[in-house]
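The values are calculated or read from the model by the stated rules, or taken from the named source; none is laboratory data. Predicted model only: the values in this text are computed from it and were never measured. FYI the Cβ positions are ideal-geometry reconstructions off the backbone, even for glycines, and counts take in every protein chain you see.
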Amino acid sequence: MGVYFNPSNASFRQAKNSRIYVDKTKLIEYLNDRLSTEDKCLAVSHARRFGKSHAAGMIDAYYSLGCDSTELFDGTKISESADYKKYMNKYNVIHLDIASVWDFHKEDLVESIKERVCKDFKKKYNDTLDYSQDLYLLIQEIYEITDTQFVIIIDEWDCVIRNSDNKELVHEYLQFLHSLFKSEESKSFLALAYITGILPIKKIKDESALNNFSEYTMLKSSPITKYYGFTEDEVKELCKRFDMDFESTKAWYNGYLIDGIHMYNPNSVSMAVERNDFDSYWRNTSSFASINTFITMNYAGLKDDIMKMLAG
C-alpha cells in the first residue's frame, strides 16, 4: 500500500462516511466492461466540483491491490451485479494528482512524478527493479514479474496545459502521457486509464498522446452522464432526507442539461443541504482570473459565443 502505487481505500471510505453521500458505484460496472479492451482509456472533462475526483477515489478503492474493499462496497449499487467482486482489488493501481506535483515542481514535473511513484515501488520491490528506466518501462517490468495489469488514474491531467507557456515542458509531459497510454508496452500492461480535467483534450501541433481516449464532456457524456453531478431524483431524495424545499433547490441549482438529463452541481447542493441555506457556493471554487484565461483562449469558440451572448 502506497500513496501513488496501490493506494488504500481511504478516500472512498471518507466519502461514504460523510453525512451527504450519493451512491455512484454503478460507474464501476461501465468501467469493468472496458477493462483490457480497445476502449480502456477514458477522459472526463467536467467543471470543478462535479465528482471527478470522488470517482477517482472510488476507482482506487475498487481496483487497488493495496486494500480490501469488500466491506465498503457491500450494499452499494454495484454489489447488485452478480460478478462485481470479479475485479475487486485485483489490479496494480497508479493514482497521480498532477496539480499537487505541479505546485512544487514546475520545471522538473515528469522526473518528480517518477520519483514519487518509484518511492512506492521500492517499498514493494526494494532494489529488484532497474529504476534508471523510464516509468513506463518500470511498469512493464512489474507487469512481467507479477502478470498483473495496471489501472492508471490521473487527476487534473490538463494542469500543465492550462498553466504553462513552456512548450518544451508541455511536449515532454505529453510524451510522458504517450508512453503510459499509447506505447507498445502499454498495450500489455494497461487494463484501464481514467483521467480527469477541466478542458477538453487539447492537441499540441502533431501530438497524439491522448487521441485514443474516449472523452466525456459537460456537453456530451452519455452513457455515464448520471455519475457526475446529482440527478434530479437524487436531489429530491436529499431534500426529503434533510427537510429542504426541493423547488427552491431546483430554482437555485438546476443549471445543467447534459444529454437531456437535468444535472445539479453536487458541491452546491451539498453545501446548501449541510448549511440549510441557499447561496452561490460554486462561484467560490475558482477565481474569475482562471475563468477569464479560458475565455481568452477562445477554446472551441468560447470567447466568440460569450461576445454574441453579451450583444444579445
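Here Leu192 fulfils each of the conditions (1) out of contact with any Lys or Arg (no Cβ under 6 Å at 6 or more places or on another chain); (2) under 20 Å from Asn89 (Cα atoms) apart from (1).
This table checks each residue for (1) in the same structural domain as Lys26 (by TED's automatic domain parsing); (2) at pLDDT 85 or above; (3) assigned to a loop (DSSP other than H, G, I, E, B); (4) among the acidic types (Asp, Glu).
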| position | (1), (2), (3), (4) |
| --- | --- |
| Leu177 | yes, yes, no, no |
| Tyr194 | yes, yes, no, no |
| Asn211 | yes, yes, yes, no |
| Ser222 | no, yes, yes, no |
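All conditions but one from (1) surrounded by fewer than 16 Cβ atoms within 10 Å (Cβ to Cβ); (2) in a helix (DSSP H, G or I) apply to Glu141; the one that does not is (1).
Just so you know, in region 98-109 the residues that are of a type outside the set (Phe, Trp, Tyr) and surrounded by 19 or more Cβ atoms within 10 Å (Cβ to Cβ) include one that is farthest from Asn6 (Cα to Cα), and it is Leu109.
Can you tell me which residue is farthest from Ile59 (Cα to Cα) among those in region 15-33 that are assigned to a helix (DSSP H, G or I) and more than 17 Å from the chain's Cα centre (by Cα)? Filtering region 15-33 for residues that are assigned to a helix (DSSP H, G or I) and more than 17 Å from the chain's Cα centre (by Cα), the one farthest from Ile59 (Cα to Cα) comes out as Asn17. Can you say whether Glu234 is assigned to a helix (DSSP H, G or I) and either under 23 Å from the mean Cα position of the chain (by Cα) or at positive phi (or both), as far as the supplied structure shows? Criteria met by Glu234. Could you list, in sequence order, all residues of region 215-264 that are small (Gly, Ala, Ser) and out of contact with any Pro (no Cβ under 9 Å at 6 or more places or on another chain)? Passing the criteria: Ser221, Ser222, Ser248, Ala251, Gly255, Gly260. Within the span defined as region 122-133, every residue fails to be in the same structural domain as Thr76 (by TED's automatic domain parsing), in contact (Cβ under 8 Å) with a residue 40 or more places away in the chain and either within 30 Å of Lys26 (Cβ to Cβ) or not basic (Lys, Arg) (or both).
Return yes when Thr128 is modelled with pLDDT of 95 or more, surrounded by fewer than 20 Cβ atoms within 10 Å (Cβ to Cβ) and not acidic (Asp, Glu) and no when it is not. Taking the combined requirement at face value, the residue does not satisfy it.
A single entry from Tyr21, Tyr30 fulfils the requirement of being free of Cβ contacts under 8 Å to residues at least 12 places away in the same chain and more than 20 Å from Tyr143 (Cβ to Cβ): Tyr21.
Within region 66-119, the set of residues being in a helix (DSSP H, G or I), of a type in the set (A, V, I, L, M) and touching a Leu at 6+ places or on another chain (Cβ under 9 Å) comprises Ile78, Ile98, Val101, Leu109, Val110, Ile113, Val117. Close contacts from region 240-262, counting a first residue that is in a strand (DSSP E or B) and a second that is hydroxyl-bearing (Ser, Thr, Tyr) and loosely packed, with under 14 Cβ neighbours inside 10 Å, with Cβ to Cβ under 9 Å and a gap of 6+ residues or different chains, come to Ile258/Ser222; Ile261/Ser222.
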